[in-house]
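Peer 1: Okay, handing you the structure first.
The values are calculated or read from the model by the stated rules, or taken from the named source; none is laboratory data. All values derive from a computational prediction rather than experimental measurement. Neighbour counts run over all protein chains shown; Cβ positions are idealised from the backbone, glycine included.
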Amino acid sequence: MKTDLSINFAGIKFKNPVFTASGTFGYGYEIADLIPLKKLGGIVTKTITLQPRSGNPQPRIAEVEGGLLNTIGLQNIGVKAFVEEPLEKLSKIGVPVIVSVAGAVAEEYTETVQILSMQKGISVVELNLSCPNLKKKIICHDLSLMQNIIKSVKKVSRVPVIAKLSPLVTDISELALTAQNAGADGITLTNTYPAMAIDVKNFKPRLSTVKGGMSGACVKPMSIRCVYDAYQRIKIPIIGCGGIMTGGDAVEFILAGAAAVSVGSASLVSPENLIKIIDEIESILKYKNIKSIKEIIGIVKNT
Amino acid sequence: MNKKFDKSYRIISNKEICTDYFELKVKAPAAAGYCYPGQFFMISIPGVFLRRPVSIYDVKKDTVSFLYKITGKGTKILSEIKSETIQLLGPLGNGYDLPPNTASSSLKSEKKSPGFSPVIIAGGTGIASVHFLAAKLKTRGTLYYGARSKKDLLCLNKFRKIGWKIIVSTEDGSKGHKGYITNILPENLKSGDTLFACGPMPMLKKILQIAKEKNIRGFASLEEIMACGVGNCQGCAVKIKGQNKMTCKDGSIFKIEDIDF
């Protein structure tokens, strides 16, 4: 019996539910010689902004127990340079490309998406509304700004639009519902967790911006809870994200309600983890005698 | 060239060579032939989340060695590792951009390059990556090596054996000149020298300043905290000629005159 790993996410077909996570995959070809990229379900790009950004000063990375903090600060080459070279290379891999987009105001998001909309090879746009490492406050903490961004991007985008949200809110299901009502075709839960670490050798913060975003195995149970809560309230599909290291972790997210998952920190530790996760999901489904991954999305309920 | 592997290799030995300094030797037939001086591997260490970047210390046939100091939890666990194998990703980084005809046959061509005068400046465990470089250079030169104290000076015999002139300094004065190695550089460096520097950031900054004043060219190996080692996370960005470059992928070796400290 062949196990069917394919999913349909916001009208787009993916051959399996394992995507890269934004900001952990460069522009897609840094690890092309290490793993077969075409086996991936989807590729989420580094977040792109209208203008190039040089990012935050060093240090940008601090390891913590079971994960890491980062404050990259959305360093990227800007949308114009992105569509010239990396996008073309990415679209040749043969895997749906999800372009992550950020900005400070709604116009920056819409202008960036307008430029992207003129290009071929983009399957989905993911709005990064939750970067914790910019000087301004996290966008999805301002509900009217977030709604405004989603609505205006929806008007100009030719492809489905996903909203990537922050876990740092009082009620994630309310936030997810707000994104859905503004017109989002799907949501990604969650971005990194605002966090901080201090070096006791010199009494200084371990990141240049003092605070950063936490990811890795240590955040997984919190992100699964977010997916579970949101799934009870919304109809649009969810990409689960946060600390997925194994196929078992990915299946947990799917059981909680995610239709797909994105893997970030695990691929920084070892790019091979991306492929292992796909294979392990398949083994779990075979072991449980389940024909299609679609059968188990959100089946864990409060009984 | 520039081929990297993510593989599990057999550990040949992992021994303390002097207090807190360890040499890890692995049998890495796949990767050994692609290793270039100045490159590094990301080493998986059970019990810590991220891999650790460690410079290549030496390569002999199919064996790759690393020299590391216990500086924290990761290197402590590495020094006590009991498993028979270890997962390594590499070789990574660009390695030293050697002038033509300066390296032994396994690197470039056989002939010596006239007028090439290599000067290696190492601080602390920076000695590891330049040791592999010295072993590969056909031309002998001078090593300037600074460490905290006499017990932190490593590999002196190895440099002596291959015919390098050695000048050392220690911060406590227990061997060689007392103070930083950079204190004695200005009077000794010549404009025709090619510098190869590896060590802590304050040392590299000082070398950059001296090299600029005396108009000496050279290369420096930079070090930043890395998560992935391949350019994906963009955690190790440095400013090179006003542009953001990744220490792991675009470096870790940069031309001294291009680095914006």
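Peer 1: Take the range B:22-51 and flag every residue that is in a loop (DSSP other than H, G, I, E, B) and basic (Lys, Arg). Before you say what the answer is, go through the steps one by one.
Peer 2: Of all residues in the range B:22-51, those in a loop (DSSP other than H, G, I, E, B) come to B:28, B:33-39, B:44-51.
Passing the criteria: only B:ARG51.
Peer 1: Something else now. So which residues in the range B:52-86 are touching a residue at least 12 places away in the same chain (Cβ under 8 Å) and assigned to a loop (DSSP other than H, G, I, E, B), if there are any at all?
Peer 2: Hits for the range B:52-86 are B:LYS61, B:ASP62, B:ILE70, B:ILE81, B:SER83, B:GLU84.
Peer 1: Another question about this same structure. Every residue in the range B:23-57 that is over 23 Å from B:ILE70 (Cβ atoms) and within 12 Å of chain A (Cβ to nearest Cβ), please.
Peer 2: Listed by number, the list holds a single entry, B:TYR34.
Peer 1: Just a yes or no: is a residue in the range B:153-163 at pLDDT 95 or above and either of a type in the set (Gly, Ala, Ser) or within 21 Å of B:LYS255 (Cα to Cα) (or both)?
Peer 2: Let us first name the residues in the range B:153-163 that are at pLDDT 95 or above, namely none.
Looking through the range B:153-163, none of the residues is at pLDDT 95 or above and either of a type in the set (Gly, Ala, Ser) or within 21 Å of B:LYS255 (Cα to Cα) (or both).
Peer 1: Next question, about the same structure. If A:GLY78 meets every condition in (1) small (Gly, Ala, Ser); (2) closer than 16 Å to B:GLN243 by Cβ; (3) surrounded by 21 or more Cβ atoms within 10 Å (Cβ to Cβ) apart from one, which number is that one?
Peer 2: Condition (3) is where A:GLY78 drops out.
Peer 1: So which residues in the range A:48-105 are within 12 Å of chain B (Cβ to nearest Cβ), assigned to a loop (DSSP other than H, G, I, E, B) and among the aliphatic types (A, V, I, L, M)?
Peer 2: Answer for the range A:48-105, where residues must be within 12 Å of chain B (Cβ to nearest Cβ), assigned to a loop (DSSP other than H, G, I, E, B) and among the aliphatic types (A, V, I, L, M): A:ILE72, A:LEU74, A:ILE77.
Peer 1: Right, here's the next one. A:VAL113: hydrophobic (A, V, I, L, M, F, W, C) and at pLDDT below 95, yes or no? It would help to see each step written out before you state the result.
Peer 2: Details: hydrophobic (A, V, I, L, M, F, W, C): yes; at pLDDT below 95: no.
Judged against the criteria, A:VAL113 is not a match.
Peer 1: Hey, another quick one. Please work out if A:GLY240 is within 14 Å of another protein chain (Cβ to nearest Cβ) and either on the phi > 0 side of the Ramachandran plot or within 16 Å of the chain's Cα centre (by Cα) (or both).
Peer 2: no
Peer 1: Of all the residues that make up the range B:243-255, how many are facing chain A (nearest Cβ under 10 Å), surrounded by fewer than 22 Cβ atoms within 10 Å (Cβ to Cβ) and free of Cβ contacts under 8 Å to residues at least 40 places away in the same chain?
Peer 2: Residues of the range B:243-255 facing chain A (nearest Cβ under 10 Å): B:243-244, B:246-249.
Right, trim to surrounded by fewer than 22 Cβ atoms within 10 Å (Cβ to Cβ) and you get B:243-244, B:249.
Adding the requirement that they be free of Cβ contacts under 8 Å to residues at least 40 places away in the same chain leaves B:243-244.
Final tally of qualifying residues: 2.
Peer 1: Are any residues in the range B:164-181 within 13 Å of B:THR142 (Cα to Cα) and surrounded by fewer than 16 Cβ atoms within 10 Å (Cβ to Cβ), and if so, which ones?
Peer 2: Passing the criteria: only B:LYS165.
Peer 1: All but one of (1) modelled with pLDDT of 95 or more; (2) surrounded by fewer than 21 Cβ atoms within 10 Å (Cβ to Cβ) hold for B:ILE184; state the number of the condition that does not hold.
Peer 2: Single failed check for B:ILE184: (1).
Peer 1: Could you tell me which numbered condition B:GLU223 fails, if it satisfies all but one of (1) within 14 Å of chain A (Cβ to nearest Cβ); (2) under 15 Å from the mean Cα position of the chain (by Cα); (3) outside any loop (DSSP other than H, G, I, E, B)?
Peer 2: Result: B:GLU223 fails condition (3) only.
Peer 1: Which is among the β-branched types (Val, Ile, Thr), crowded, with 16+ Cβ neighbours inside 10 Å and within 14 Å of another protein chain (Cβ to nearest Cβ), of B:ILE207, B:ILE240?
Peer 2: Numbers: B:ILE207 fails: within 14 Å of another protein chain (Cβ to nearest Cβ).
Among B:ILE207, B:ILE240, only B:ILE240 is among the β-branched types (Val, Ile, Thr), crowded, with 16+ Cβ neighbours inside 10 Å and within 14 Å of another protein chain (Cβ to nearest Cβ).
Peer 1: Going through the range B:64-84 one residue at a time, which ones are farther than 22 Å from A:GLU65 by Cβ and touching a Phe, Trp or Tyr at 6+ places or on another chain (Cβ under 6 Å)?
Peer 2: Within the range B:64-84, B:SER65, B:PHE66, B:LEU67, B:LYS69 meet the criteria.
Peer 1: Right, here's the next one. Which of the residues belonging to the range A:202-234 are among the charged types (D, E, K, R) and touching a helix residue (DSSP H, G or I) at 6+ places or on another chain (Cβ under 7 Å)? So that I can check it myself, show each step before the final result.
Peer 2: The first filter runs over the range A:202-234 and keeps only residues among the charged types (D, E, K, R), leaving A:204, A:206, A:211, A:220, A:225, A:229, A:233.
Of everything in the range A:202-234, those that are among the charged types (D, E, K, R) and touching a helix residue (DSSP H, G or I) at 6+ places or on another chain (Cβ under 7 Å) turn out to be A:LYS220, A:ASP229, A:ARG233.
Peer 1: Within the bounds of the range B:177-189, is there any residue that is among the basic types (Lys, Arg), farther than 25 Å from B:CYS35 by Cβ and free of Cβ contacts under 8 Å to residues at least 24 places away in the same chain? So that I can check it myself, show each step before the final result.
Peer 2: Restricting attention to the range B:177-189, the residues satisfying the condition of being among the basic types (Lys, Arg) are B:178.
Keeping just the survivors that are farther than 25 Å from B:CYS35 by Cβ gives B:178.
Adding the requirement that they be free of Cβ contacts under 8 Å to residues at least 24 places away in the same chain leaves B:178.
Within the range B:177-189, one or more residues are among the basic types (Lys, Arg), farther than 25 Å from B:CYS35 by Cβ and free of Cβ contacts under 8 Å to residues at least 24 places away in the same chain.
Peer 1: Among the listed residues A:PHE25, A:PHE19, identify the single one that is more than 14 Å from every other protein chain (Cβ to nearest Cβ) and either in a loop (DSSP other than H, G, I, E, B) or not small (Gly, Ala, Ser) (or both). Working first, answer last.
Peer 2: Working: A:PHE25 fails: more than 14 Å from every other protein chain (Cβ to nearest Cβ).
After ruling out the rest, the residue left standing is A:PHE19.
Peer 1: In the range A:154-184, how many are more than 19 Å from the chain's Cα centre (by Cα) and either under 20 Å from A:VAL44 (Cβ atoms) or not in a loop (DSSP other than H, G, I, E, B) (or both)?
Peer 2: Looking only at the range A:154-184, we keep the residues that are more than 19 Å from the chain's Cα centre (by Cα), and these are A:155-156, A:158, A:170-171, A:174, A:181-182.
Going one step further and asking which of them are either under 20 Å from A:VAL44 (Cβ atoms) or not in a loop (DSSP other than H, G, I, E, B) (or both), we end up with A:155-156, A:158, A:174, A:181.
Result for the range A:154-184: 5.
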